[in-house]
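Trainee: A single structure is presented below for examination.
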Amino acid sequence: MNIYCIGIGGIGVSGVARFLKHEGHTVFGSDLTKSVISEGLIDDEISVYFDQSGKHINENVDMVIYSIAIANDHPELMKARDLGISTYTYAEVLGELSRNKKTIAVSGTHGKTTASGMMYSVFLSNGKSPSALVGSLMKDFGGVNIACGTDD
């Protein structure tokens, strides 16, 4: 599946993009500016464009994922919808990815990333291989915000 991500340089969308690439999809996308995250995606062979005019959206795109920071009149989102391409928010995709897996979601105002990283470490130290998506780049994840494990 060819998946285009609008706002791919954001912490959430970038994690989903990495996970979907790990699952075997072709993932590419756009962001407004270059960052450590977008450069890391490029290093991992995920194409990132810094032109959001809509020219990278075409009939070969199967799905568009976008950050909630993207307005309804965003040129890429409008072009995807004009072409009849399915569009989903980051949260909708995250829900689908976790639907058939045992999931622990951490919410609140402070400490979510720290708590998530600690839980990941506990599972690892007990012989498990979890996947994890957190709200920061993690040293224990190799400098990215996602770890793709083999357990459900």
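The values are calculated or read from the model by the stated rules, or taken from the named source; none is laboratory data. Note that the structure is a prediction, hence the values are computed from the model and not measured. Here the Cβ is made from the backbone with ideal geometry for all residues, glycine too, and neighbour counts use every protein chain on show. Accessible surface areas use protein heavy atoms only, side chains included; no ligands, DNA or RNA. Shrake-Rupley method; radii C 1.70, N 1.55, O 1.52, S 1.80 Å.
Trainee: Can you name every residue in the range 85-101 that is exposed (fewer than 15 other Cβ atoms within 10 Å of the Cβ) and not small (Gly, Ala, Ser)?
Mentor: Answer for the range 85-101, where residues must be exposed (fewer than 15 other Cβ atoms within 10 Å of the Cβ) and not small (Gly, Ala, Ser): 92, 96, 99, 100, 101.
Trainee: Could you list, in sequence order, all residues of the range 102-119 that are basic (Lys, Arg) and either under 17 Å from the mean Cα position of the chain (by Cα) or open to solvent by less than 80 Å² (accessible area, probe 1.4 Å) (or both)?
Mentor: Restricting attention to the range 102-119, the residues satisfying the condition of being basic (Lys, Arg) are 102, 112.
Matches in the range 102-119: 112 only.
Trainee: Going through the range 130-152 one residue at a time, which ones are surrounded by 12 or more Cβ atoms within 10 Å (Cβ to Cβ) and farther than 21 Å from residue 90 by Cα?
Mentor: Residue satisfying the conditions is 140 alone.
Trainee: Of the conditions (1) within 19 Å of residue 144 (Cα to Cα); (2) in contact (Cβ under 8 Å) with a residue 60 or more places away in the chain; (3) hydroxyl-bearing (Ser, Thr, Tyr), residue 66 satisfies every one except a single condition; which number is it?
Mentor: Residue 66 satisfies all of (1) within 19 Å of residue 144 (Cα to Cα); (2) in contact (Cβ under 8 Å) with a residue 60 or more places away in the chain; (3) hydroxyl-bearing (Ser, Thr, Tyr) except (1).
Trainee: Being open to solvent by 10 Å² or more (accessible area, probe 1.4 Å), closer than 12 Å to residue 90 by Cβ and part of a loop (DSSP other than H, G, I, E, B) is the filter here, so list the residues in the range 8-33 that pass it.
Mentor: The answer is 10, and nothing else.
Trainee: Give the residues of the range 41-84 that are at pLDDT below 95, within 19 Å of residue 22 (Cβ to Cβ) and crowded, with 17+ Cβ neighbours inside 10 Å, sorted by residue number.
Mentor: None - no residue of the range 41-84 is at pLDDT below 95, within 19 Å of residue 22 (Cβ to Cβ) and crowded, with 17+ Cβ neighbours inside 10 Å, so the list stays empty.
Trainee: Any residue that is touching a Ser or Thr at 6+ places or on another chain (Cβ under 7 Å) and of a type in the set (A, V, I, L, M) - is there at least one of those in the range 77-94? Walk me through it before giving the result.
Mentor: First, the residues of the range 77-94 that are touching a Ser or Thr at 6+ places or on another chain (Cβ under 7 Å): 77, 80-81, 90.
Of the ones still in play, those that are also of a type in the set (A, V, I, L, M) are 77, 80.
There is at least one residue in the range 77-94 that is touching a Ser or Thr at 6+ places or on another chain (Cβ under 7 Å) and of a type in the set (A, V, I, L, M).
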